[in-house]
Number of protein chains: 2
Amino acid sequence: MLIESLNHPAPEALLAFLRAHLHARVTLHLAGEVEVLYAGRATSMAEAGDRLLLVKPDGSLQVHGPRGVKPVNWQPRTDHLSAELEGGCVVLHAERRSPAEVVQVRVIGCAQVTALNLADEALFLLQGTEAQMQQALARAPHLIEAGLTVLDRELLVGVGGIDLYARDAQGRFVVVELKRGKAGHDAVHQLGRYVDAVRTQVPGTVVRGILAAPDITVPALKAAQAAGLEFVKVEALPQVPEEARQPSLF
Amino acid sequence: MLIESLNHPAPEALLAFLRAHLHARVTLHLAGEVEVLYAGRATSMAEAGDRLLLVKPDGSLQVHGPRGVKPVNWQPRTDHLSAELEGGCVVLHAERRSPAEVVQVRVIGCAQVTALNLADEALFLLQGTEAQMQQALARAPHLIEAGLTVLDRELLVGVGGIDLYARDAQGRFVVVELKRGKAGHDAVHQLGRYVDAVRTQVPGTVVRGILAAPDITVPALKAAQAAGLEFVKVEALPQVPEEARQPSLF
DNA sequence: ACCTGGATGTCGATG
DNA sequence: CATCGACGTCCAGGT
């Protein structure tokens, strides 16, 4: 997994290292003093400072400072990636089109550079996504309301899709908007938009709107009530039945 | 800047290394085979695989795979961070409250671990933010429309704030919503919401709504026209005057 | 290529 | 602490 690593390489050695590994399906890690220029949707300039640079096989690049999960500068997946010597410093160019953007990393000094082989992605399971919530509620719509019958999922109406389209016990149409976390008033407006769209497409019918989420902000709840929309509390993570909780599994 | 680095340390050596540096205002970088569990707003499990682990002085942690800017697993800023030996493997625990979340990283094998001192953040300048756009347009509202007078910025109305509140040449009130990038129909609805709020608060007056952005999606433009709202194209990055473009600067 | 919406979004500001 | 909105959001998926 560890392919090669250099401590305090001279610019020429660093350039050779980068040239050797940049396009070799390899992940690069570089710690050093670095200056970053970015131009694209916006423009940024980061003065020289100690940073941590990461370059992945897909050409994505990120420059990390001492704080936070977010990089100081980044480039999501480049169409072109190259390293040159400019004025005695190694400079990395990372470009992409659409949107047209450039990130330029000037390496003033390199403390350590490492080439790694990160193997193909191992199995990754995520639970609690909105898609899973939608599937679970489509199978058990009574968790939203007794007597609910799901007609459709991801029903396209105008532009954008209705999470769940259903009919209630009285035969009225119901538009359900799901949120995996606390719903804000943006969710209320999204729901209102879908309800309006359905009312427009099917004139003369009663259409209910239900916002289903584990929680809702106070202003959002007020907005929902004002707009004649309903909020129903549902759990994001499906409850494990009591009999299935075998202590032996832990 | 480079404090210490180990290649292929045994679990005990790795544990000692982590214990020595974890709470020392130091940035840690670890490459190795790793298994990650996450539980919090959602739940995830990543089987053992070659990954790159980053731990920053603020307690933030991220585990990177071979693709993309986004980590496979992460934790934004922990309240508690610790390393233990469990079953012959070093295990990192990263917890935070609010939201209550845990990330657990089991290090099956470590190829390289490095402790770095990332100095305090250097100067960072970002241009082209919405805030800067707002400031520029507040000073030069004619870029939106001739005869416009800005009354207020970030005017609070109900929920959320109006980017620019103005009066046009005919004395009508104008609500301006800014977007630094291409505006979608969410921007249209946000503007519509603000316009409605103003009309409610000041009944009987004519209120115009202008969406000012460098671009707009086709559906958003249609939605704006249908809602009686206007779109005005403005540049996100302030245009540099011709006389200021000195080739010598490049 | 454009557009939409989700996300463990993250992050900072503000009441 | 809750809420809200920007972000170079990133990213996958659909048309």
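Summing -39500 (n - 2.57) over the DSSP H runs of n ≥ 4 in the protein assembly as shown and dividing by its residue number, what mean residue ellipticity at 222 nm do you reach, to the nearest 500 deg cm²/dmol?
Roughly -6000 deg cm²/dmol at 222 nm, from the helical runs in the protein assembly as shown.
What are the ³J(HN,Hα) values, in whole Hz, obtained from phi via the Karplus relation 6.51 cos²θ - 1.76 cosθ + 1.60 with θ = phi - 60°, for each residue of the range B:33-43 in sequence order, with x given for Gly and Pro?
7, 9, 10, 10, 10, 9, 9, x, 4, 10, 9
As a test of the definition: with a 1.4 Å probe, what buried accessible area, both sides summed, do you compute for A against B, in Å² to the nearest 100?
Answer for the A-B pair: about 5000 Å² buried.
Provide a list, ordered by number, of residues in the range B:33-53 showing at least 20 Å² less accessible area with every protein chain present than when their chain is taken on its own, using a 1.4 Å probe.
At a threshold of 20 Å² (probe 1.4 Å), the residues of the range B:33-53 that become less exposed are B:R41, B:A42, B:T43, B:S44, B:M45, B:E47, B:D50, B:R51, B:L52.
By its C-alpha gyration tensor, with a ≥ b ≥ c as the square roots of the eigenvalues, how is the protein assembly as shown shaped: rounded for a/c under 1.5, else prolate for a/b larger than b/c, else oblate?
In terms of gyration-tensor shape, oblate.
Considering Cα pairs under 8 angstrom that are at least six residues apart, work out the relative contact order of the range A:1-140 and quote it in whole percent.
Reported as a whole number, the value is 32 percent.
For A:A10, go 7 angstrom from Cα along the Cα-to-Cβ vector, then report the distances to that same point in the other copies in nm, smallest first.
Ordered by distance, the counterparts are at 3.8 nm.
Give the distance, in whole Å, between the Cα centre of the range A:199-239 and the Cα centre of the range B:71-115.
Cα centroid of the range A:199-239 versus Cα centroid of the range B:71-115: 38 Å apart.
If you roll a 1.4 Å probe over the heavy atoms of the protein chains, what accessible area per residue do you get for the protein assembly as shown, in Å²?
Normalised by residue count, the accessible surface of the protein assembly as shown is 49 Å².
Whole Å is fine, so just give me how far the alpha carbon centre of the range B:119-169 lies from that of the range A:1-57.
Cα centroid of the range B:119-169 versus Cα centroid of the range A:1-57: 37 Å apart.
Mind checking the angle between helix B:130-139 and chain B's longest principal axis? C-alpha axes, 0 to 90 degrees, to the nearest 10.
Around 30 degrees separate the two axes.
Please report the carbon-and-sulfur percent of the accessible area for the range B:148-233; probe 1.4 Å, protein heavy atoms only, DNA, RNA and ligands left out.
Looking at the range B:148-233 in its full context, I get 54 percent from C and S.
Can you list residues from other chains, or at least 5 along the same chain, whose modelled amide H is less than 5 Å from the amide H of B:I216?
B:A183
Using a Gaussian network model of chain A whose springs link C-alpha atoms within less than 10 Å, name the residue from A:A236, A:A100, A:A115 with the highest mean-square fluctuation.
A:A100
Once you average over the residues of B:58-65, how many Cβ atoms of partner chains fall within 10 Å of each Cβ?
4
Under the rule that an exposed site lies in a DSSP loop and has at most 15 other Cβ atoms within 10 Å, name the longest stretch of chain B with no trypsin sites (Lys or Arg not before Pro) of that kind, not counting the sites themselves.
Segment B:98-171 is the longest.
Can you give me the long-range amide H partners of B:V232? Hydrogens built in the peptide plane at 1.01 Å from N, cutoff under 5 Å, separation of 5 or more residues or another chain.
Sorted by chain and number, the residues that satisfy this are B:L211, B:A212, B:A213.
Do any residues of the range B:102-145 show a loss of at least 20 square angstrom of accessible area between the isolated chain and the full protein assembly, using a 1.4 Å probe, and if so which?
B:A111, B:Q112, B:L116, B:L118, B:A119, B:E121, B:A122, B:L123, B:F124, B:L125, B:L126, B:Q127
Leaving ligands, DNA and RNA out of it, report the carbon-plus-sulfur percent of the accessible area of the range B:2-116 at a 1.4 Å probe.
Summing carbon and sulfur atoms, their accessible area is 51 percent of the total for the range B:2-116.
Rounded if a/c is under 1.5, else prolate if a/b is larger than b/c, else oblate: which is the range B:5-59, with a ≥ b ≥ c the root eigenvalues of its Cα gyration tensor?
Judged from the Cα gyration tensor, the range B:5-59 comes out oblate (a/c at least 1.5, b/c at or above a/b).
How large is the charge dipole for the protein assembly as shown, taken about the Cα centre, if only the Cβ atoms of Lys, Arg (+1) and Asp, Glu (-1) carry charge, to the nearest 20 debye?
1240
In peptide B:19-25, how many Cβ atoms from other protein chains are near each Cβ within 10 Å, on average?
Whole-number average of other-chain Cβ neighbours for B:19-25 is 0.
The values are calculated or read from the model by the stated rules, or taken from the named source; none is laboratory data. All figures in this text were calculated on a predicted structure; none of them were measured in a lab. Counting neighbours? That spans all protein chains shown, and the Cβs are built from the backbone with ideal geometry, glycine included. We work out accessible area using only protein heavy atoms, side chains counted, and drop any ligands, DNA or RNA first. Shrake-Rupley method; radii C 1.70, N 1.55, O 1.52, S 1.80 Å.
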